[in-house]
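Presented below is the structure to which this report refers.
We did not get these values from a lab; they are worked out from the coordinates using the rules stated. The structure presented is a predicted model; accordingly, all values stated were derived computationally and were not measured. Reconstructed Cβ throughout: ideal geometry from the backbone, glycine too, with neighbour counts over all protein chains shown.
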Amino acid sequence: LKMTDATPKGYAQASANESEPTPADIKDFQDTLKGGSIKMLVFNSQEANSTTDQITGAAKDVNVPIVELTEQMPKQYTNLLDWMSALVDQFAAAVK
């Protein structure tokens, strides 16, 4: 699928450190989405909060497709391969 991670550095570092991004990090992410360089947003719906609401809202405002992930396999899948295949299909559809 040839994807690259375009998450702004400050936001990515905050996420990696399990800390809250600064208001500047959030604005940078929103501006990056509005700028058109992000073609798809991958979102962990099990970690939803006011910050992720701001980011997903910004993505929706500019029609950036959002692929929702979960940390646990959803009940509609009976095995890991089916779940991963469905995710790959969602990624491919999002970047068409």
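Odds and ends about this structure:
- Computed from backbone phi with θ = phi - 60° and the Karplus coefficients 6.51, -1.76 and 1.60, the 3J(HN,Hα) list for the stretch 49-58 is 7, 5, 5, 5, 4, 5, 5, 5, x, 5 Hz; x is used for glycine and proline.
- Rounded if a/c under 1.5, otherwise prolate or oblate - the stretch 1-42, Cα gyration tensor axes: oblate
- Low-density loop positions, trypsin sites (Lys or Arg not before Pro), the stretch 1-87 - DSSP coil, at most 15 other Cβ in 10 Å: LYS2, LYS39, LYS75
- Less than 5 angstrom separates the built amide H of VAL67 from those of LEU41, VAL42, PHE43, all sequence-distant by 5 or more or on a different chain.
- Placing one equal scatterer on every Cα of the chain and applying the Debye formula, the log10 ratio I(q)/I(0) at q = 0.16, 0.25 Å⁻¹ is -0.72, -1.39.
- Inter-part distance where the stretch 74-91 and the stretch 3-19 are each reduced to a Cα centre, Å: 25
- The chain: GluC sites (Glu not before Pro) in DSSP coil with no more than 15 other Cβ atoms inside 10 Å: GLU18, GLU71
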